[in-house]
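Accompanying notes for the structure given below.
What follows is calculated from the coordinates using simple rules that are stated; it is not laboratory data. What you see is a predicted model; the values in this text were computed from it and never measured. Because the Cβ atoms are built from the backbone with ideal geometry, glycine has one as well, and the counts that use them run over all protein chains shown.
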Amino acid sequence: MSKLTEKPFEYLRTKEGNKPFPDETVKNWYVSRAYVLNAFREKELAFGPDSNEHLHAVVVGDSPLMLAVVRQLALSAHFINFVEHDINGNLACKNRTVITVVSQMEANQILGLLEKEEYLCNLLKYCKHTVFGTVRNQDSYIDIELEVVKEEPHGDNLLRITEKDVTDFVKSQQHPEKIYEIDTRKALCASSAYDLGDTINNVPYEGFFLADRYSLALNKFQYRLLEKKNSGLTLVQSKWKTNLSAVKEGLSNIFSSDCFETRRREVNLIIKDKENAYDGWKRTNLALSLSEHCRWLVEKLIMGYRPMNLQERLEYESCFGSARKAYLKKLKNNSADPVHIDICSFKELRRIDPDNMKYDSFIMLAIPWILEKIEAEDEKRKD
């Protein structure tokens, strides 16, 4: 698979009216993505599974660029030590990522901006957030917490971001034009996991966070799918021009693969001397899978999806077999108001849709093979 750069953000359109977003908005998405991922990499940001620490990012300002940074932090800042429920099954939500926005706007004004489709969209309806001292969604199961303050907090372990930091980062790039394109190879590798079909679907429900359950699927993925020569396949497909759901599904693979390096740093924290590195991935698969579900549901809320309401759940429960699948597909593909059954807590997901948990588990186990392949290609290109 040769290096492949694409410009996928241009294909994202509004839910209402199916209109493209302004050029400035799209550019801000690219810039904020490049800045945040670089910041995570430079700081070697990672937490061990037993860590009681969390990321606290402070975004100073509320310009369109800084709100795009808030969006990107929410998409990327998901860590293995988040605890959704305690051992007794009680909601705990320990170690949430906290994103603080410093703004001098009135509460309704800043909330209105954050809830715009190009920023956090539906996320604020479901995540815990505090605006000038007023707390909403206190018992949210989501691993992202937002707060808006007028006075900037100070501390030793804050990730502080100003507009100057971001613009200076862009100016420092030898080829700044490359910020506005994305290497989609990791995303393509991740998307190919869904081509495994029954190899994953046939994994039994009992113990499906045990790595050995996926040995056949991993062998097929590693030695057949990853070894395929690039035959002109791209992440951006022709149907993206007319199918907004397809665009969002493709972007989901980008947002997921953007976290692969963070996942590896976290696993490396617990690898013991002389231990096979892959054993660390095996031992943390449950925590990684939970974190990936948290990341995915935040992404879906930002992309404009919402959970099923009571009426939709009743209708879903009244369907059987293929009718159920058709109903879920209809809800998901409603571009004006997309709905997804899996927007729920990890605990609830195991009850309502365990099949999809297998894909989270598999993708986490496949990360080292994907990164090894991409990095080997890059090294070969240097020679």
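Summary table
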item	result
Exposure proxy ranking, count of Cβ atoms within 10 Å, fewest first, for ARG350, ARG13	ARG350, ARG13
Highest-fluctuation residue, LYS325, LYS128, LYS248 considered, GNM on the chain with Cα pairs under 10 Å	LYS325
Residue among PHE320, PHE21, PHE255 with the largest mean-square fluctuation in a Gaussian network model of the chain, springs linking Cα atoms under 10 Å	PHE320
Residue order, fewest to most surrounding Cβ atoms within 10 angstrom, among PHE221, PHE40	PHE40, PHE221
Ordering of 53-64, 166-177 by burial proxy (mean other Cβ atoms within 10 Å per residue, highest first)	53-64, 166-177
Correct option for Cα Rg over 2.2 N^0.38 Å [calculated from the coordinates] among (i) 0.97; (ii) 2.75; (iii) 1.21	(i)
Anchor LYS171: lysines whose Cα lies under 16 Å away (excluding residues fewer than 8 positions away in-chain)	LYS27
Listed residue pairs exceeding 32 Å between alpha carbons, taken from LYS15/LYS282; LYS43/LYS220; LYS164/LYS239; LYS116/LYS186; LYS43/LYS330; LYS150/LYS186	LYS15/LYS282; LYS43/LYS220; LYS164/LYS239; LYS43/LYS330; LYS150/LYS186
Diffusion constant of segment 114-251 at 10 °C, which comes from Stokes-Einstein with the Kirkwood Cα-pair radius and 1.306 mPa s, µm²/s	79
Student exercise, segment 272-322 dipole from Lys, Arg, Asp, Glu Cβ charges, in Debye to nearest 20	200
Global geometry of segment 140-197, whether rounded, prolate or oblate, following the gyration tensor of its Cα atoms and the 1.5 cut on a/c	oblate
Cα centre as origin, Lys/Arg/Asp/Glu Cβ charges: the chain dipole, Debye	1080
Residue exposure sequence - LYS15, LYS382, LYS347, LYS150 - by fewest surrounding Cβ within 10 Å	LYS382, LYS150, LYS347, LYS15
GNM result for the chain, Cα springs below 10 Å: residue of TYR316, TYR119, TYR214 fluctuating most strongly	TYR316
Net charge dipole size for segment 121-274 [Lys, Arg +1 and Asp, Glu -1 on Cβ; Debye, nearest 20]	600
